[in-house]
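Worksheet: the structure to be examined is printed underneath.
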Amino acid sequence: MTAAMEIKNLSKNFGGIVAVEDLTFDIKKGEIMGIIGPNGAGKTTVFNLITGVYKPTAGTVIFEGKDITGQAPDAIVRKGIARTFQNIRLFKHLSALDNVITALDLNYPMYNLAEAIALNLPFIPGKVKRGEKSLQEKAMFFLEMVGIGDKANIRADALPYGLQRKLEIARALALEPTLLLLDEPAAGMNPEESMDLARLIKQIQIKLNLTVFLIEHHMDLVMELCDHLFVVNFGRELAEGSPAEIQANPAVLKAYLGEGYKHAQS
Amino acid sequence: MSYYVQGVLIMAMINAISVVGLSVFTGFTGLMSLGHAAFIAIGAYTAAILTKLYGFPFVPSVVLAGIMAGMVSLVIGIPTLRAKLRSDYFTIATLGFGEAMRVLLENLPITQGARGLPGLTPYSTLPVVFIFFVLVTFVAKNFVFSRYGRMAIAVREDFVAAEMAGINLFNVRLRSLFFSAVCAGIGGAFQAHYITYIQPNMFTNVQSTLLTASVVAGGMGSLTGPIIAALVFAAIPEVLRVANMWRLVAYGGILVAIMVFRPQGIFGYKELTFKGIYRGYKHLAAKVTGQGGAK
Amino acid sequence: MQMLMQTIVTGLAVGGIYALMAVGYSLIFSILNFSNFAYGGIIMLGSYMGFYALTLLHVPFAAALALSMLGAAALSFLNERIAYSSLRKRHAPSLYFMISAMGTSIFLENMVYATLGSSYNAYPEIFGQSSISLFGSTIGKLDLFAIIFSLIAIYIMNYFIQHTRTGIAIRAASYDSEVSQINGVNLSAVIGLVFILAGLLAGVSGVFLGMKYMAYPTMGWITNKAYISAVIGGLGSLPGAVVGGLILGVLESLVSVYVSSLLRDVFSFTFLIVLLLVMPSGLFGKYLEEKV
């Protein structure tokens, strides 16, 4: 299997504080890889570095063979990387449908500025109206894929918390990425809901032929879903391997899983 | 229509032209400008110089005034928006730009300094102003209800998420700034040829704030709200015939009150549509008849 | 050389007042993270209070200064409670704070304009026109007193913030208001206090500005220079505000003398924009990116 993404010696300092130090790992094409670690270990910082929200202090990020280190977020998205956020970041005043359409626009610009402002006359069908209609149909496809097709016209901030997370996933999928980053997709869900979500993620991954990289604290979900795990602690690599290897790794057990995991299993 | 009413209407629509533009910028992109009076000034001076000193016809002068203001907005917009300044730093930068521009107008030979340009021809008649007002509103509406408007709203709601949806913040913000500056320039051109004289001190940051006040009072993320606010703001003091300074006292108080009590403005994130009016009317009617029955 | 020295001294005299205003402005910026455009209005009212204390009440200068400081402090406190506190509790974006601040500023300015008129009110002569010579340059007694008093006021303010319990609470709140609140800081009280302190400085600035340039409704405009000073020093940094004020005063003075006095303000505002672009954190500031 070839690597979808290669992270080499990635570091990030904020002022004098080291958030991430010298991380090196690969994400293989077509796998679901998880990054785990205690709170504040630097997991979200890794996401922010990959997606260009922060510029790395050192190191490189290579995506599908090309160096994307330090590029602007929108440029990175164009290359085929999409993400969700730990603290949900939807466009609150837009409907669920429009949230997805906003992302679809990247690959499906239906009309240009001149057509938008000059040619969209009231009551007369035209390119703009046709374009909008076809975007709506495409957006419904992604809403239905995550199971919220019936909520299309509800304003994003009026959706219940769990559905907001799903809408974020739908919005990310609408960018038609090859690598999908999920930042705590099951946060705030009970064990049952999070296992449902795991099935959904797996389903989508197969259907759209995605590589998935996710941060998660629900260990049952992580162990169920991930092919490969990377463990960070205090910004540094602690371990890497298959879920079974990680579960058996004493350093990991000591630093992180420990009692919590045994408890979750029982 | 009496001469007086016509005057109020013209001023109100001129005001609304600038406000429509600013609402696309502030209401739909989420950045606040305290320098838009400078764009009005640029439009006013460009048109005034063209008609008065070069004998240019009026309507092309208005268009050129808009383009000129738009060009200048790129000069300030490209560096500040590319630097992705924090939004409050951006506002301070626009304040600085507005003040610098005003002082410049006070000192350039072609603008005749603080004396300004008197004796302009009153070309801003009701039909011309009305046509431009409709045109500008039409373009703004189409812009806002298109993919470009959707991108702008996304940037306003959450610029990080917007970037991660593949939106280029710089393009979106600059596009809105340019449009708002063109509108301000057109508004300025009309203002100059309605009042028939211009002076640098007509374009202070108080004027910029009043424009923002209309957008905020009308409702961020709405076009009809700010337009109504702009019309009302221009018309009410005329009707009440209060002195200008008391009007400003009231504006200041209203701004604070809106922020404290109703920050989304009167029509926050909503548009006033005929359908909406009809629904509201039916709702009201049902209430009235319902109460009548209870008696 | 003689002329250069004189230009610098003149610049420092103006810069002292800029510094005073910039410290008050920066103090508020550091804790609420927004640009308080109403500060100019408070300074203007402070100036009027000083003027009326001297001309109507005929009190001694020190009493007039104290009155204007107290009055401005009260106004500043009210300004926060009326225009900002509910926004703060709602966690409103800084855009809303700035709009509310502009509203306050327009309200105050035009209120004075409408009730007291637009005339320029000259303060009675306190220091006379006399000047003293210093290192071969002359400096007006008023300017010398203003700069010395400004620096003392700033020093006391800084001592208070660095070395008292309340000061530590203020610094904690400006660092992270949420966390400081969890740790038992009464945020509302601290913010109220910050506005009072800023108001005291506004009173001093108002009186000195009034003595130097007279008191009039739109004099708050000069606080634009306080913003620029604060940006030079780094928004939110108090030592930065002082240094920024002095630097701006001297630069303006140099531009007036050696380039063109007409272009002085164009220079200042252009300088502000350039500075924001190339050095948003100024000399001493921490430039915080908007939270991600």
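Readers should treat all values here as calculations from the given coordinates under stated rules, not as data from a laboratory. Remember, predicted model here, so these are calculated numbers, not experimental data. When we count neighbours, we look across all protein chains shown, and the Cβ atoms used for this are built from the backbone with ideal geometry, even at glycine.
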Per-residue Cβ neighbour rank within 10 angstrom, fewest leading, A:LYS92, C:LYS89: C:LYS89, A:LYS92
Value at 222 nm in deg cm²/dmol, rounded to 500, when DSSP H runs of n ≥ 4 in chain A each add -39,500 (n - 2.57): -11500 deg cm²/dmol
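Take every DSSP beta bridge with both residues inside the protein assembly as shown and express the antiparallel ones as a percent of the total, to the nearest 5. Before the final figure, lay out the partial values.
Details: 27 of 43 bridges.
Restricted to the protein assembly as shown, the bridges split so that about 65 percent are antiparallel.
Assigning unit charges at the beta carbon (Lys, Arg +1; Asp, Glu -1) and nothing else, what dipole magnitude in debye, to the nearest 20, does the protein assembly as shown show about its Cα centre?
On the way: 61 positive and 49 negative charges, 383 e Å.
Dipole of the protein assembly as shown, to the nearest 20 debye: 1840 debye.
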Per-peptide average of other Cβ atoms within 10 Å, ordering B:213-219, A:48-54, C:274-280, C:17-23 highest first: C:17-23, B:213-219, A:48-54, C:274-280
Cβ-based exposure ranking for C:ILE168, B:ILE110, B:ILE42, in which fewest neighbours within 10 Å come first: B:ILE110, C:ILE168, B:ILE42
Ranked A:CYS226, B:CYS183, criterion: other C-beta atoms within 10 Å, fewest first: A:CYS226, B:CYS183
The range C:81-107 and the range B:141-209: distance between their alpha carbon centers, rounded to Å: 23 Å
Under 5 Å, built H, 5+ apart or other chain: amide partners of A:LEU214: A:MET33, A:GLY34, A:ILE35, A:LEU182
Separation of alpha-carbon centers, the range C:29-63 and the range B:17-82, rounded to whole Å: 36 Å
Fraction in percent of alpha-carbon pairs per bin - 10 Å, the range B:3-294: 7, 28, 35, 21, 7, 2, 1, 0
Amide H contacts of A:ALA4 (H built 1.01 Å from N, under 5 Å, at least 5 apart or other chain): A:ILE27, A:LYS28, A:LYS29
The range C:152-215 - percent relative contact order, Cα under 8 Å, separation 6 or more: 22 percent
Efficiency of FRET from Cβ geometry, A:ASN13 and A:ARG78, R₀ 22 Å, rounded to 0.05: 0.20
Kirkwood hydrodynamic radius over Cα pairs of chain A, then Stokes diffusion coefficient at 37 °C and 0.692 mPa s, in µm²/s: 168 µm²/s
Residue of C:LEU262, C:LEU108, C:LEU144 that the Gaussian network model of chain C assigns the largest fluctuation, springs spanning Cα pairs under 10 Å: C:LEU262
Sum of -39500 (n - 2.57) over DSSP H runs of 4+, divided by residues of chain B (222 nm, nearest 500): -24000 deg cm²/dmol
Built amide H within the under 5 Å cut-off of A:ARG236, gap 5+: A:GLU21
Percent of beta bridges antiparallel (DSSP, chain A, rounded to nearest 5): 55 percent
Those aspartates and glutamates that a straight Cα-Cα span of less than 14 Å connects to A:LYS129, excepting residues fewer than 8 apart in one chain: A:GLU115, A:GLU137
Neighbouring partner chain Cβ atoms per residue of A:194-201, average, 10 Å criterion: 0
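Go through the range C:59-123 and name the chymotrypsin sites (Phe, Trp or Tyr not before Pro) that are in a DSSP coil and have 13 or fewer other Cβ atoms within 10 Å of their Cβ.
Details: sites: C:PHE61, C:PHE77, C:TYR84, C:TYR96, C:PHE97, C:PHE107, C:TYR113, C:TYR120; in loops: C:TYR120.
Taking the range C:59-123 and a limit of 13 other Cβ atoms within 10 Å, the loop chymotrypsin sites (Phe, Trp or Tyr not before Pro) found are C:TYR120.
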Most mobile of B:LEU95, B:LEU108, B:LEU74 in a GNM of chain B (Cα contacts under 10 Å): B:LEU108
Average beta carbon contacts from partner chains per residue of A:65-78, 10 Å cutoff: 3
Mean separation of Cα contacts under 8 Å (6+ apart) over length of the range A:91-171, as relative contact order %: 45 percent
Rg and Dmax of the range A:90-198, Cα atoms only, in Å: 15.7, 53
Label-point separation, C:LEU78 to B:ALA114 (7 Å along Cα→Cβ), nm: 3.3 nm
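What's the FRET efficiency of B:ALA235 with A:LYS133 using the Cβ-Cβ distance as r and R₀ = 51 Å, to the nearest 0.05? List each step's numbers first, then the result.
Values: r = 40 Å, r/R0 = 0.78.
Here the calculated transfer efficiency is 0.80.
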Convex hull of the protein assembly as shown built on C-alpha atoms - directionally averaged projected area, nm²: 43.8 nm²
Using θ = phi - 60° and Karplus 6.51 cos²θ - 1.76 cosθ + 1.60, couplings along the range C:221-233 (whole Hz; Gly, Pro as x): 3, 5, 5, 3, 5, 5, 4, 4, 4, 5, 5, 4, x
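With contacts defined as alpha carbon pairs under 8 Å and 6 or more residues apart, what's the relative contact order of chain A in percent?
On the way: 472 pairs, mean separation 67.2, N = 266.
Across chain A, relative contact order equals 25 percent.
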Karplus-derived HN-Hα couplings along the range B:95-109 (A = 6.51, B = -1.76, C = 1.60, θ = phi - 60°), whole Hz, x at Gly and Pro: 4, x, 4, x, 5, 4, 5, 5, 4, 4, 4, 5, 10, 7, x
Whichever lysines have a C-alpha closer than 22 Å to that of C:LYS225, once near sequence neighbours (fewer than 8 apart) are set aside: C:LYS212, C:LYS286
C-alpha long axis of helix C:187-213 to longest principal axis of chain C, angle in °: 10 degrees
Leading residue at positive end of dipole, chain C (Cβ point charges), from C:ILE196, C:GLY236, C:ILE168: C:ILE168
Highest-fluctuation residue, C:ALA73, C:ALA62, C:ALA38 considered, GNM on chain C with Cα pairs under 10 Å: C:ALA62
Under 16 Å from A:LYS29, Cα to Cα: aspartates and glutamates that are on another chain or at least 8 residues apart: A:GLU6, A:GLU64, A:GLU176, A:ASP227
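How big is the dipole moment of chain C about its Cα centre under a simple scheme where the beta carbon of each Lys and Arg is +1, that of each Asp and Glu is -1, and everything else is neutral? Debye, nearest 20, please. Mind showing how you got there, number by number?
Numbers: 12 positive and 10 negative charges, 72 e Å.
It comes to approximately 340 debye.
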Rounded to whole Hz, the Karplus (6.51, -1.76, 1.60) HN-Hα couplings of the range B:226-232, x for glycine and proline: x, 4, 4, 4, 5, 5, 5
For the range C:62-159, with +1 on Lys and Arg beta carbons and -1 on Asp and Glu, the positive-most of C:LEU151, C:SER105, C:ALA92 along the dipole: C:ALA92
GluC sites (Glu not before Pro), loop per DSSP, at most 15 other Cβ atoms within 10 Å - longest free stretch of chain C: C:126-288
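Which value, in debye to the nearest 20, gives the size of the charge dipole of the range B:3-294 about its Cα centre, when Lys and Arg are +1 and Asp and Glu are -1 at the Cβ? The partial results should precede the final answer.
On the way: 20 positive and 8 negative charges, 118 e Å.
Roughly 560 debye for the range B:3-294.
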Mean residue ellipticity (222 nm) of chain C, computed from DSSP H runs ≥ 4 via -39,500 (n - 2.57), nearest 500: -24000 deg cm²/dmol
Percent of beta bridges antiparallel (DSSP, the range A:97-255, rounded to nearest 5): 50 percent
